[in-house]
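The structure appears right after this line, and notes come after that.
The values are calculated or read from the model by the stated rules, or taken from the named source; none is laboratory data. Quantities reported herein were computed from a predicted structural model and do not represent experimental measurements. Virtual Cβ from ideal backbone geometry, glycine too; neighbours counted across all protein chains shown. Ligands, DNA and RNA are stripped out before the accessible areas are found, and what is left, the full protein with its side chains, is counted by its heavy atoms. Shrake-Rupley method; radii C 1.70, N 1.55, O 1.52, S 1.80 Å.
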Amino acid sequence: MPGLARKVLICAAVDGLVLQPLHSKKDQQRTSPLIKIKYGTASVSQTSRDSVPELSSPDSSFEAFGIVGILTVFRYSYLISITGRQQVAQIRGQPIYVVTEVALTPCTSQNDAAEAVAKTALALSNREAAHSDDDTASEDDAPRDSGSNDEAIDDVLDHTEGEDSSGETGPSAISRSSIAQDVITRRGSYGRFAKSWFSRSGWTMDQKRNMGLSAEQLERANASKTEAKKGSDAAKRVPRKFPLPSDAVEDDSAAVSLLPKLLRTTQILFGSSRTFYFSYDYDITRCAANPAPPSTPLIPLVNHVDPTFFWNKNVMQPFIDAGVDSLTLPLMQGFVGQRTFTVDSNPPQVDDAAKDSLELKDMDCDNKVAARPASTNAGVGSEETHPTEKKFDITVISRRSTKRAGLRYLRRGIDEGGNVANCVESEQILSPAEGTSVPNAKIYSFVQIRGSFPLFFSQSPYSLKPAPVLQHSPDTNYAALKKHFEWLRQKYGLVQCVNLVEKHGVEAPIGQRYEENIKRLNEEESRPEDEQIAFEWFDFHHVCRGMKFENVSVLLDILGPRLEKWGSTVVVNDKVETQQLGAFRTNCMDCLDRTNVCQSSFAKYMLDMQLKELGFDMNLQKDQENAWFNTLWADNGDAISKQYASTSAMKGDYTRTRKRNYRGALTDAGLSVTRLFNGMFNDFFLQTTIDFLLGNVTSLVFAEFEANMMTKDPAISMEKLREQAIELSHKRVIADESEEFIGGWTLLTPNVPDTVRSSSFEEAVLLLTDKALYLCRFDWNLDKVSSFERVDLAHVTKIKFGTYITSTISAAQVDEMRNVGLIVEYNPGVTDITRVNTRSLTTSVSDASKMGREPTSGIDAAEQEPQAAKEAAAAAAAAAASEEKPAPVAAPIAGIAEGIAGFFAPRAQEPQARKIALKALHSITSAADPMAKSKEDEPGAITRLSEMQQVILIASEIERLAIRSQPKLQAKKDEESGLIEKGDIISLADAKKNTGLLEQLGHSLKKMVWA
């Protein structure tokens, strides 16, 4: 495959940023063209060397270890580049890095770009100068590499410190260091190539010389670096404060006003969070059981990676579309860790009671004790091993899915596509230690997964232990669960579900629904028993109560035979010899703490099996604590927990030490409080940023965030939900087959009926037939009609449409062209009714009656709505009949009595006119349109009729049918028979008057905290 650039030289030209890919030693003969990112449009194209500016100062360019992508918010674009990395593992000779720092360079104008480049270059120069003083390599700047031919010269210097890639010091390491130091000290004798290769700046200076820098300019650059040594620690970091672009107006839009926070959050997410990993030559997005197609020299790495774990695909898309293969570096979020350990096939038996006794085999022919070095089993710090000892590398790679990605309480459960929240694939790789030559060596790969409940549910972030609230109908949940397990089977084969939630308490209902759906799926598929989805409900808190986490062995006793049967994937000479038959899918409520403990236990069980197959019995080893294993999996658990819950994992003390005490319990209590705080304040904007970077939403999401300080789940198709709500309301409410259905819409309406102003609005369904208008209040969590109001079109007296401003706290809410609505006024009659489905409401019946509704109870929810509609139809028929038939003649005495009673009785009041207020939903939403590839016309979102067009269409249809239902109006002239009136419902001026100081202060406080 084409080689990826190991470094990228970035500078600001007149018309765009110029990127020069710098390749490794083995690809040095391969030259990549210069790449230009045009200011304003951020279009990526090749350019000539003539477009490179004069690099007369050292701060005119800087080096990056790779490109993350381009972040574009409306017309403002920023290049994200990797300025810090650290090697964390080496697999099959290829180093794996974690990103430790990124720089964001504006692509708006030359002045902004040049200023940002200068600041970044100065920070990197200060850091390099400080490292030169200490004569050591920075973990962020120059990673500890293996010295392979694939890496750049900055990494070669790291091996002159007497330390190899695994951190071991020994004769081989010393000899390598001596040779390198000899070449460096006598580099003049070896020619200019050695001088360039073995210096931190020589190789880069050659590149700059080729781009037009003179020797005099190079000397000035070195002098500037010497001055930069005086910089402070703060000056050694790339810029972390991002002012608004020079041509931006601060109140231009919500996206622009939130731009500095977005850039800072992006920098933390991709950089200092240390959660993104990459490799130049190894595909870390695929496990051994899911190999990529055979690589060819013409197919770049970006086309081999698993898209499920390709986190920067959206921001990298401009480079992919332009065919810049040398810069398309895939990033994966999750965890990569590696440890080296030693095992002995014939460990020495240490018996304390008889430690002074001698065996015959321990004596040589001269009656001297045979000296045998004891096995350390530590795996680090010892080059000398006994012939029966062997060193292995254990590597853990956890891959977070980009589907339904996000944070703890903001992304729960499943979506319509079968994707679950916090879905992580964890692979444990056992291989011979790097640097050891073992012919036909076996490499073992054991894969297990975790993921949220494959059900629709939510939980409140404002509680330490909130109860899960199940959402949507059972059939909708089952359909999504079925898609999820179809994907799991296709990817992993057989599936074993391990459910760790409590069997009693708030967690029990969701666990029961999960178990019922798995049982239903197995019954419908009718597969053989060994191919069905296995389900094990292990109440972790009950079995391990009293901090006795060692009771997880009970679960291993149950599932151990299946672990042995399914085995692991075995690779020999890059060919898969044995395939893992299935994967364990483990979950608790968050899929973090309890899941970490159990997954590490499963991994240790498999590791012991694999080593036993190779002739090493872990039960006989001198080291029984296995700290190298425990700390590796504890680090993995902490990393996943920080990415999902913003804190380290609970129960981490047991994962690290296999012991549990009160200190660990106190630590967990502190983590719970921290998670509560993050869930209440910090997670909302971070979730918005993740959705935007993944391409799930457009820039309009920031306008939504400014208005509500939170965003909706983009994975849930509101268009589809609204269509289903209209269809369901039609079936439930309109029971008279003689009524012709005209159309249905979803609009906002005040929570309190017969009002225009309200503190809150809800999304309702409006149905129109040729005889009546139905306003259906819908329970979107349960997919049921909670209540409906029927208005006979013959009673409609007036329709008014116009500006409908309900709040003035954000720019999107004061736009008079987007905030429009209509009011339908009518005189209530016998056929105008209101029905409440008490079975799907969370409020009490008394609350419904206070709002003027007629509560209905004792009727099944599935049957109540049609019955209420039939009652309305019967009432309409009775009213019509009463108008046609005269009243019967009463007896004279009865008539006199009624007359006397009627004289003293109070006169009946005329029914007061009522109204239905409706506000149009915004036609342009933040949901990204997957079919829109061009971002030039952003927001490239799903578009519908404009808000005003929606309102006029609905008002016209109601007027047309209402006139047809009222003979008196038909007799009038056209200009006199009209019911529509145009005018402000709530004008902007009135809305500002009614927006109280407390509301404005509350929103400002929320914005200060959340944004």
> For segment 523-531, in order, what is each residue's ³J(HN,Hα) by Karplus, 6.51 cos²θ - 1.76 cosθ + 1.60 with θ = phi - 60°, in whole Hz (x at glycine and Pro)?
Replying inline: 5, 6, 7, 6, 7, x, 4, 6, 9
> Whose amide H sits under 5 Å from the amide H of PHE62, counting only residues 5 or more places off or on another chain, with H placed in the peptide plane?
Replying inline: ILE10
> Just the accessible area for LYS642, please: 1.4 Å probe, Å², rounded to the nearest 10?
Replying inline: 120
> Taking a probe of 1.4 Å, how large is the accessible area per residue of segment 569-625, in Å²?
Replying inline: 39
> Hey, can you rank 618-627, 304-313 by average C-beta count inside 10 Å, highest first?
Replying inline: 304-313, 618-627
>> If you count only protein heavy atoms and use a 1.4 Å probe, how large is the accessible surface of PHE456, to the nearest 10 Å²?
In response: 10
> Of ASN111, GLY93, ALA42, which is farthest along the charge dipole of segment 42-117 in the positive direction, counting Lys and Arg as +1 and Asp and Glu as -1 at C-beta?
Replying inline: GLY93
> Residue-wise, which Karplus ³J(HN,Hα) couplings in Hz belong to segment 484-489, taking 6.51 cos²θ - 1.76 cosθ + 1.60, θ = phi - 60°, and x for glycine or proline?
Replying inline: 4, 6, 5, 5, 4, 5
>> From the phi angles alone, apply the Karplus equation (6.51, -1.76, 1.60; θ = phi - 60°) to segment 268-278 and give each ³J(HN,Hα) in whole Hz, x where the residue is Gly or Pro.
In response: 5, 4, 7, x, 5, 5, 6, 10, 10, 10, 7
> Once amide H atoms are built 1.01 Å from N in the peptide plane, which residues 5 or more positions from GLU981, or in another chain, come under 5 Å H to H?
Replying inline: ILE799, LYS800, PHE801
> Considering only protein heavy atoms, what is the solvent-accessible area of THR711 at a probe of 1.4 Å, reported in Å² to the nearest 10?
Replying inline: 40
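Strictly over 27 Å apart at the Cα level, which of LYS313/LYS519; LYS465/LYS503; LYS622/LYS642 would you flag in this model?
Numbers: LYS313/LYS519 38 Å; LYS465/LYS503 15 Å; LYS622/LYS642 34 Å.
Violating the 27 Å Cα-Cα cut-off are LYS313/LYS519; LYS622/LYS642.
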